[in-house]
1. Kindly establish whether residue 573 is open to solvent by 10 Å² or more (accessible area, probe 1.4 Å) and either more than 20 Å from residue 584 (Cα to Cα) or in contact with a helix residue (DSSP H, G or I) (Cβ under 6 Å, 6 or more places away or on another chain) (or both).
2. Can you tell me which condition residue 478 does not meet? The list is (1) at pLDDT below 95; (2) surrounded by 24 or more Cβ atoms within 10 Å (Cβ to Cβ), and all the others hold.
3. Run down 316, 257 and say which single residue is crowded, with 17+ Cβ neighbours inside 10 Å and at pLDDT below 95.
4. Working only within the range 594-607, note down all residues that are polar (S, T, N, Q) and either over 11 Å from residue 636 (Cα atoms) or touching a Phe, Trp or Tyr at 6+ places or on another chain (Cβ under 9 Å) (or both).
5. May I ask you to verify whether residue 545 is part of a helix (DSSP H, G or I) and surrounded by fewer than 24 Cβ atoms within 10 Å (Cβ to Cβ)?
6. Which of the residues spanning the range 308-338 are touching a helix residue (DSSP H, G or I) at 6+ places or on another chain (Cβ under 7 Å), of a type in the set (Ser, Thr, Tyr) and part of a strand (DSSP E or B)?
7. List pairs: first in the range 546-557 and under 23 Å from residue 50 (Cβ atoms), second assigned to a helix (DSSP H, G or I) and open to solvent by 10 Å² or more (accessible area, probe 1.4 Å), Cβ under 6 Å, 6+ apart or cross-chain?
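The values are calculated or read from the model by the stated rules, or taken from the named source; none is laboratory data. Just so we're clear, the structure is a prediction, and the values are computed from it rather than from any experiment. Heads up, the Cβs are rebuilt from the backbone with ideal geometry, glycines too, and the neighbour counts pull from every protein chain shown. Accessible surface areas use protein heavy atoms only, side chains included; no ligands, DNA or RNA. Shrake-Rupley method; radii C 1.70, N 1.55, O 1.52, S 1.80 Å.
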Amino acid sequence: MSGGVARLSRLSSKVAIPLAAALLLCTSAVFAAPTPVSSDEATLERNFDALIHLDEMRDWMKLLAAQPNHVSSPHDKSNADQILAWFKDWGWDAHIETFWVLYPKPISETLELVGPQKFSATLQEPPIPGDSSATATDPALPAYAAYQSDGDVTAGLVYVNYGMLDDYKMLQRLGVSVKGKIVIARYGGGWRGLKPKLAYDHGAIGCIIYSDPAQDGYSIDETYPNGPMRPPHGVQRGSVLDMGLYPGDPLTPGIGATKDAKRLKMSDAPTIMKIPTIPISYADAQVFLAALEGPVVPQNWRGALPITYRTGPGTALVHLAVKSDWQQQPIYDVIAMMKGSTWPDQWVVRGNHHDGWVFGATDPLSGQVALLAEAKAFGGLAKQGWKPRRTIVYTSWDAEEPMLLGSTEWAEEHASELKQKAVLYINSDSNERGILGVAGSHDFQHLLNQVADDVIDPETGVSVGQRLRAKMRIGALAPTANEHARAEAKVAADPDKDFPIEALGSGSDFSAFIDHLGIPVLDVGFYEEGHSGGVYHSRYDTFEHHSRFVDPGFVYDAMLAKTVGRIMLRAADSDLPLQNASAFASAVSDYLDQVKKLADDERDESETQAKLLHDRAFQLASDPTKPSGLPTALDRVPHIEFATLEDAVDRLKRSAKAYDEALSKNGSHLSASQVARVQALILNIDQTLAPDVGLPGRSWYKNLVYAPGRYTGYEAKTLPGVREAIEDRRWSDANRYAKLTADALNAYSDRLNQATAVLNS
């Protein structure tokens, strides 16, 4: 799964959302002037920082990453037990919750070129002297894609670039079919699970995925152990479960995978892939790719291997066979609670996962040791007499890598309680030296800005928020900067406005909270300057690699703890709701502008293509000596019924402005009963955005503002019911979800209006 490679350094595969130029105008209503923290709060936060110790974090990672800790491994269970013992020692009320999930373990794998020359792929990475890969005694998983479909196939091979929808459109134009073939795709361009899914949808019978050195190998930097990047035989493992339908245990969608839960038959589980799939190294991929014939690929399909990239197939035959042991396995979530003194039934939840694909030092243990440092510091504050006013829940998830299993099963099992009590879920995953990166629910954007203004970056001496603003402004100068980056830069340059945060799709343990339950989320980390991508999901994601190349000295792992610790402290102790409704309204207004423009662009594309087909332009422009094909004709785009949604967004902006002004003006002198009434209205306001109807064809995803794209994987699709209906040309769904989304936004506005009345009474 995501595991947790750095969110900002891997936006193509985890979380990314396009923002239109309208962002600048939409953000103008968001006031970023920080609310000064009280002297008591500032003292508490300084005391918290003093309890964060870098040497402890280093020792914890070295212990937790000493052996492979994938699901079902002995070290995964011992790590859960150790984390539980630490929580208890630090004064937390902690326990392990066990779930039983379908988890396939590899029995045998074969990938070979059987003609005209013979070659067998190496499916386990060689150890590197002096590295944990050489000193560990437990076995590591081989090259493996979890939840692929076992099979034994032999066929010709076709190179499909990243294996995304646009790549298959290009193959159609080149006159190349993958039907009955095995495809080979490089990592990047989209989430790995889409590669076998789209291959199957286009008729392929097997899928190979490799890491091209153009993405994370020698073309970027020196390879490990001399540098941080992927060595020639490094392999990126991962899950290919169809998370676009739902994450978690494939046999228990929507319910916790307890021992006696009602389960689907494996043959009825729609998220398991339909063809055998295997990841390989670029050293092995070069042999397979060099054997291909057929057209030379377009320029943007070419990687960094010293070969001529061709589509295939040619005369080369490939034999692919995978066999797995499909059994239920126990997974171990560690849950720790510190009960609130004033509002014990209001929860602030914090999470990071502890399982990896092999050693998992950066992904996920860099985030895990930060979480542990926070938990120990909170235990230390409690011993000094501090108690949170709201209950704090700390979670160390298991089985994130196979597909968010631990967090999803826990959230599904405790759904009713979480919907009543959860104020906010704060997630982290992998972490590295660099720039603050945050994505999540936009009504908590202002809180994040306030915290970012108060945390000092150790490399520059300015706040991490100021450094992020500088990064946004400089990023807009790049020749490749898009409209989104330029709009962000203008916002970031204005100190009277909040810097914008990104929307969340999926790819880490926040998914069940925001996508399924409608609970607001912040996903936090530091990225850009460390180099973890080269060993992502490989045997070389070790303690040695992390401490040399990703975060030397564990300085930014400690920065993550200090940043999230402040968010937790403020969320746990604030009298008043922390949501800034104007930030959310501005974001939604921007998303509506995007989907309206999308409909217009689709209409223009259809009309342009129809004229090109009529004029035989595709045939006339093609080289008659090379094979080619015509694109599939696009249907006419009708006008979408946006009026109801436009009215709802306008109303949301008015309601948000009135609420924020009333809270700012009157919040400090409310009576206890008024505070209670406002809290009751705002506590779970985000759940109005996630009605039971869910998204078309995948009702597990209920949030009508944020969701992962069906054909993007991790990347967010905002206003997804409308946006994806337009992209997929489902015009009746576009109209239906414009109305459903308007209803959800009106329900959010209704809550704001009721709270405003209380604030002004």
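1. Yes; evaluated as a whole, the condition is true for this residue.
2. All conditions are met except number (2).
3. The unique qualifying residue is 316.
4. Hit for the range 594-607 is 594, nothing else.
5. The answer is no for residue 545.
6. Correct list: 332 only.
7. 554/54; 554/58
Rundown of residues vs (1) in contact with a strand residue (DSSP E or B) (Cβ under 8 Å, 6 or more places away or on another chain); (2) open to solvent by 30 Å² or more (accessible area, probe 1.4 Å); (3) assigned to a loop (DSSP other than H, G, I, E, B); (4) among the charged types (D, E, K, R), yes/no style:
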| residue | (1), (2), (3), (4) |
| --- | --- |
| 138 | no, yes, yes, yes |
| 154 | yes, yes, no, no |
| 158 | yes, no, no, no |
| 162 | yes, yes, yes, no |
